[in-house]
2 protein chains.
Amino acid sequence: MRLSKTLGTLLLLACSGCVFAQQEPLTVRKGKVQLDFQLDEKGAPRYAVSYDGKTIVQPSSMGFVLNNAENFYDDFTLLKQATNSVHENWTPVWGEVKSIQNDYTTLELQLQQAHGNKRLLHIVFKVYEDGVGFRYEFPEQPNLDYFTVQQEKTGFQLTGNHKAFWIPGDYDTNEYPYTTSLLSEIDNAQLVEKSTDIAVRVAPDKHAVQTPLMLKTSDGLYINIHEAALLNYPAMQLHVNNATYDLTANLVPSAVGTAAFLHAPAVTPWRTIIVSNKATDILSSKLILNLNEPSKLSNTSWIKPMKFVGVWWELQTGKSSWSYAASAKAKDAQGKLIPSGQHGGNNENVKRYIDFAAQHGIEGVLIEGWNTGWEDWFGNWKEDVFDFVTPYPDFDVKALNAYAKSKGVQLVMHNETSGSATNYERQLDTAYRFMRENGYNAVKTGYVGKIIPRGEHHDGQWMVNHYTRVAEKAAEYQVMVDAHEQVRPTGLHRTYPNWMTGEASRGNEYNAFSIGNAPEHETILPFTRLMGGPMDYTPGIFKLSHYNAADTAKRVRTTLVKQMALYVTMYSPIQMVSDLPENYEAHLDAFQFIKDVPVDWDDTKVLAAEPGDYVSIVRKGKGTENWYLGAITDEQARDLKTGLDFLPPGVKYVATLYADVLNQPDPAKYSIKKYIVDRTTAITLKLANSGGAAISFVPATAAEAKQLPKYK
Amino acid sequence: MRLSKTLGTLLLLACSGCVFAQQEPLTVRKGKVQLDFQLDEKGAPRYAVSYDGKTIVQPSSMGFVLNNAENFYDDFTLLKQATNSVHENWTPVWGEVKSIQNDYTTLELQLQQAHGNKRLLHIVFKVYEDGVGFRYEFPEQPNLDYFTVQQEKTGFQLTGNHKAFWIPGDYDTNEYPYTTSLLSEIDNAQLVEKSTDIAVRVAPDKHAVQTPLMLKTSDGLYINIHEAALLNYPAMQLHVNNATYDLTANLVPSAVGTAAFLHAPAVTPWRTIIVSNKATDILSSKLILNLNEPSKLSNTSWIKPMKFVGVWWELQTGKSSWSYAASAKAKDAQGKLIPSGQHGGNNENVKRYIDFAAQHGIEGVLIEGWNTGWEDWFGNWKEDVFDFVTPYPDFDVKALNAYAKSKGVQLVMHNETSGSATNYERQLDTAYRFMRENGYNAVKTGYVGKIIPRGEHHDGQWMVNHYTRVAEKAAEYQVMVDAHEQVRPTGLHRTYPNWMTGEASRGNEYNAFSIGNAPEHETILPFTRLMGGPMDYTPGIFKLSHYNAADTAKRVRTTLVKQMALYVTMYSPIQMVSDLPENYEAHLDAFQFIKDVPVDWDDTKVLAAEPGDYVSIVRKGKGTENWYLGAITDEQARDLKTGLDFLPPGVKYVATLYADVLNQPDPAKYSIKKYIVDRTTAITLKLANSGGAAISFVPATAAEAKQLPKYK
């Protein structure tokens, strides 16, 4: 660590009005990243961040309002400061790379308020080469035991009117489309109002945005603001001051308004600022993951990344239904539900998916709508919705599990809670014991609806704790979790490696029932939602139109190849193969890529990326020499020149190139070509508008090396 | 049923201003009780009640405000009316009498709103000889499916400025002392503010009172207003109009303000009005119990009324502590709690109670403070407080259970939740399985603290459902429930006969740590709190002063004999024998009555009663020929002349008369005399101020009939 006081002074000069006064600033540098900390003349902690000499975050506010309007943001004196440099490597249970480097320098500050209760506050910064993380720590102390956080005053005073890629700061959903606008233009009111396809929307601050927030400055710097290790605390949103470009923490409130209930010693999540002059660095950053604690699970051998098909897209598109009867009132004289004939989760249909999975080496089959209750599950703030163990009459738990087993296929459980977390918590043990007893090793959870406990929000502290409890309970029963409608992730898959993936964003499903996703959507997600962790985006829709009989105008606004490329660009260790079997069977040559593409990786290279425009990533399959490339573009067709220097020297590879067919109207057209390539080859990916490219690279046999053409 | 339209007209004449207009009134009479119903000129339902020709409730409002301020209180037309007379008998699993007569006449009204959604509302009255019950039913219908109740408009328009025995309408507690005042004088603000000994107090309406509300008119009628079968609905309090004497329903709100979340078909609890010209009839009424549904439990053989001693009073009085260590921070270097030496729930002490129980034929022993967490359990709205299965190091679950078993004694579980119902619900199965596995057949639950889910109240719908879930879960594991800090009972012990007793009132415990209970307190409780169901008042304190070493001025403001009499006047099938073994050992002759007195009865006669003044009750022990009399008085000494015509003809009884010693300063003095009596004997009970009398009547042997003196 280098403590540079000079640069702190420079910052001071650069920042008129917001003075660093009480002490000289403390500075930590790591590579191009510099962090400055100072108490101002009122004893208020202030921090600033710069990159390569450019100010990224001007001196910004820190601290809290506690309990009944108690000041915990100024009147501080610095008791102690300490720095420490850490260099370590760790091995994730699964991930984008085999091994993760964790190099940072800490600046730990022990502060005490001079008057009143003389309370102690610690602030810990971790400075990385690609950004800064900091958190607050409330040490054990005489005058702070149980307490509440009314407001967190953390600010991010930005330096200009940056371009922002944002969704509204909603307490209950992350399923909005992204808006790209200047900070000065952020106003979510209209978008929130018109997004009637989102079940529950509560966004009282029209200037609030969700994190991860992606920013680009006019001089070409990329800044990402989020949080890491969100445990026992509400999610942080950001209130945007359209005039000053100061972003301030906005914590999701509890049912009684208070944001957080804490007990010292306690810590907040890490507030994260990732910065680079290269967009690709943002996507490669491991800062958020590194700020999370190591795995709490001692035995992780049962955790197996996988792909799955499922009775799902046919439900989304209206081909079949979750429910067994047409309505809760469709009952016969004996009070039994009258089958509508539309139920998707029936034995025959499930077997069809099992057969398909077995035939194509897809590990899992998800069935939604297998358990009773779907006739009346949504929209009424109903508490006792599902019981998670009672199947519909046409779903034979034991027989289907036996059938799946005989075919080497794993069934994936579905637990929709309808937002009634209290009901789910009452039955957690029962539900997970049922999974264990019936051979399910993964569960897709869902929280579609207003939360019960009533007044709580999806992203408040109580629900954050609930999701953690679910992950812990699942681990206890050796079940992997794919969590839908949860708070967006913050890297907790390091700590709970069975908390594999999740939604917390606008997934492919919106193409089924809504206005769909814009061509740029998938080029923004890696810079926003995926910064926190894997996403179950449910890619792989091959039938791009006429999939919804009731609305034949609906179409997926991508090419078919872009859907394939998403398996690489949209990282998830549990990845759905989302379309219907028959739609894959119509394109088995293209489907080969989806069959081949791994879900766990030894290495990842972000080849090219620009938020809102394009993303190109190549990854090396776990324990293999094979590489898989995915590239996608927004509404603009474009060529992406790609070198292959990630390939090992001297090895010839067969590159199977799945490409868009340009200049023709059908986005489902594709070409498949095989070439011999090596690390010196330069490939030009020709992406159609909202198109993509997918390539598998497999070491060539001698015969292949002879027979196949070289790429030119 | 007799439909008398004439009396309706009379009522109309008698009631200027509040007209019955749209249709002629419908009238049902049962004995002296008359119920009138009519739609007024706006189509608003109105009911009125009279007794022996005197109006008790003038035409009063009915109906609801639903959802977003939707009118569901007028615009009604009468679609259909029906009456039915029912005469039945049923046998309670346990109770005050062997068999209960249930004779009533129903008036069922099917109403429909004329405009808008044309919604249907049913109102069902049940008219008894001692009062009226009515409830609202929301039938299945096209325009009312899921809905919320914002406000219930049920009114009780009383006819004068009656004397009322009331506690504040608090959302979270019933533990106030009673105030006796005129309706015009009701204002709870001062009492709520000064009652700092009650953990959680939320009483936003200073004119609201709790039910059961006991009233006495200036012409000597007794009126009791309460509710029956409170399920899936918030508790009803009453807002008192000090000028008009109109009492209106005030439902305890949820965390989001709305009072109730319902789904048609649905019903409200029964609103009950019990009326008589004799106070004793109020105490004998079975109206509330009759309005509850029959037992839901098919097997009730495991339900056993009992008495229990326990590690409890010594905790309340500060002799020992619930906690093992002095504070949560009292830990050694290894992080283990350092025992304070004050822990009451330790093996040796528990054995002492087991030995005492075994020696004196007391069935059970309760131990509070046996499980970890008591160092930091209260006052911080903490969610994860107790785990209900982990004992302190000095409490050996298996060994103590074995020891108790060897002595023929039953241990009673204690589950304090600290108000954190979510935490309890997560662990219900674990907690009750633990009881089952360790031989506990009864649990005392507790809810001391602000409720979690935060924003919910002890008496709101969510908690009402929680208590029901607990009773159902307990039944599943064959565990009896003694519920503390719950919503006050509404006769649900008929439906859930394992939901034996509870607190929901100001018990004897307030004599330990607070200003205590006034001499009249126990003479009011039977007319108020006990109207809904049994109370675990924890009687039997023999050491009436100097029980609290830290505060030697504290004393119980009753005589010793009054404490004995409470076992009869304060009905409960699970009854605590509350004082310390050594205090009973100092008075073994008086203790004999407590040992003898049953907790389950074949018959009960209320001999004399006046709320706030005195209560005298005699009961016949289940399956025996023995009778037990308890009489108590308020601060006034008084003589109560008592005939014994409840005794069977021609049988001589030994009456063992435990009596106060008058005109001397020590309330712990008593006399015990045995007499031969029969049904022709007239006894004069001489009660000291705040005194009592207790008598056991056992058929005399021939020898006794000769040797013992006759009562004169």
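The values are calculated or read from the model by the stated rules, or taken from the named source; none is laboratory data. Please read all numbers here as calculations on a predicted model, not as lab measurements. As a convention, Cβ positions derive from the backbone with ideal geometry for all residues, glycine included, and neighbour counts pool all protein chains shown.
Hey, which of the helices (runs of 4 or more DSSP H) in the stretch A:519-592, taking only ones fully inside, have at least 2 residues that are at pLDDT 95 or above, in contact with a strand residue (DSSP E or B) (Cβ under 8 Å, 6 or more places away or on another chain) and not small (G, A, S)?
Passing ranges, in order: A:521-524, A:560-569.
Could you tell me which residue of the stretch B:285-340 is farthest from B:A609 (Cα to Cα), considering only residues that are small (G, A, S) and outside any loop (DSSP other than H, G, I, E, B)?
Looking at the filtered set, the residue picked out is B:A325.
Of all residues in the stretch B:118-132, count the ones that are in a loop (DSSP other than H, G, I, E, B), touching a residue at least 40 places away in the same chain (Cβ under 8 Å) and under 18 Å from B:F64 (Cβ atoms).
So the answer is 1.
Please tell me if A:T490 is more than 14 Å from every other protein chain (Cβ to nearest Cβ) and in contact (Cβ under 8 Å) with a residue 12 or more places away in the chain.
Yes: the conditions hold for A:T490.
Quick check on this structure: which one of B:V309, B:V256 is over 19 Å from the mean Cα position of the chain (by Cα), more than 30 Å from B:T179 (Cβ to Cβ) and crowded, with 24+ Cβ neighbours inside 10 Å?
B:V309
Specify the residue that is nearest to the other protein chains (Cβ to nearest Cβ); the eligible residues are those in the stretch B:370-382 that are among the polar types (S, T, N, Q) and under 19 Å from B:V311 (Cα atoms).
Looking at the filtered set, the residue picked out is B:T372.
Considering only the stretch A:383-466, give the helices (runs of 4 or more DSSP H) lying wholly within it that have at least 1 residues that are away from chain B (no Cβ under 14 Å).
Ranges flagged: A:397-406, A:428-437.
State whether the residues of the stretch B:688-695 include one that is without any contact (Cβ under 8 Å) to a residue 60 or more places away in the chain and farther than 19 Å from B:V606 by Cβ.
no
Per-residue answers, yes or no, for (1) in contact (Cβ under 8 Å) with a residue 12 or more places away in the chain; (2) out of contact with any Asp or Glu (no Cβ under 6 Å at 6 or more places or on another chain); (3) crowded, with 22+ Cβ neighbours inside 10 Å:
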| position | (1), (2), (3) |
| --- | --- |
| A:A164 | yes, yes, yes |
| A:L182 | yes, yes, no |
| A:E185 | yes, yes, no |
| A:Q190 | no, yes, no |
| A:G220 | yes, yes, no |
| A:E227 | yes, yes, yes |
| A:L230 | yes, yes, yes |
| A:Q237 | yes, yes, yes |
| A:A243 | yes, yes, no |
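I need the full set of residues from the stretch B:605-631 which are closer than 16 Å to B:V698 by Cα, not in a loop (DSSP other than H, G, I, E, B) and not aromatic (F, W, Y), in order please.
If the condition is that a residue be closer than 16 Å to B:V698 by Cα, not in a loop (DSSP other than H, G, I, E, B) and not aromatic (F, W, Y), then B:V618, B:R619, B:K620, B:G621, B:L629, B:G630 are the ones that fit.
Given the options A:D219, A:D205, A:D187, A:D172, name the one that is over 30 Å from A:G116 (Cβ atoms), within 22 Å of the chain's Cα centre (by Cα), of a type in the set (D, E) and in a loop (DSSP other than H, G, I, E, B).
Only one candidate qualifies: A:D172.
Sort out which residues of the stretch A:632-684 are part of a loop (DSSP other than H, G, I, E, B), buried (at least 17 other Cβ atoms within 10 Å of the Cβ) and of a type in the set (D, E, K, R), and write them in order of number.
A:D634, A:K652, A:D678
Any residue in the stretch B:527-543 that is over 27 Å from B:P269 (Cβ atoms), out of contact with any helix residue (DSSP H, G or I) (no Cβ under 9 Å at 6 or more places or on another chain) and surrounded by fewer than 23 Cβ atoms within 10 Å (Cβ to Cβ)?
No; the residues of the stretch B:527-543 include none that is over 27 Å from B:P269 (Cβ atoms), out of contact with any helix residue (DSSP H, G or I) (no Cβ under 9 Å at 6 or more places or on another chain) and surrounded by fewer than 23 Cβ atoms within 10 Å (Cβ to Cβ).
Answer yes or no as to whether A:R506 is charged (D, E, K, R), farther than 30 Å from A:V556 by Cβ and more than 14 Å from chain B (Cβ to nearest Cβ).
Spelling it out, it is not the case that A:R506 is charged (D, E, K, R), farther than 30 Å from A:V556 by Cβ and more than 14 Å from chain B (Cβ to nearest Cβ).
Within the stretch A:113-167, work out how many residues are within 29 Å of the chain's Cα centre (by Cα), within 14 Å of chain B (Cβ to nearest Cβ) and not polar (S, T, N, Q).
Residues meeting the conditions: 1.
Give me a count of the residues in the stretch B:249-275 that are of a type in the set (S, T, N, Q) and within 14 Å of chain A (Cβ to nearest Cβ).
Final tally of qualifying residues: 2.
Take A:G17 and decide whether it is assigned by TED's automatic domain parsing to the domain that holds A:F134 and either β-branched (V, I, T) or at pLDDT 75 or above (or both).
No, not satisfied.
If a residue must be of a type in the set (D, E, K, R), closer than 22 Å to A:V97 by Cα and over 14 Å from the mean Cα position of the chain (by Cα), how many such residues does the stretch A:473-525 contain?
0
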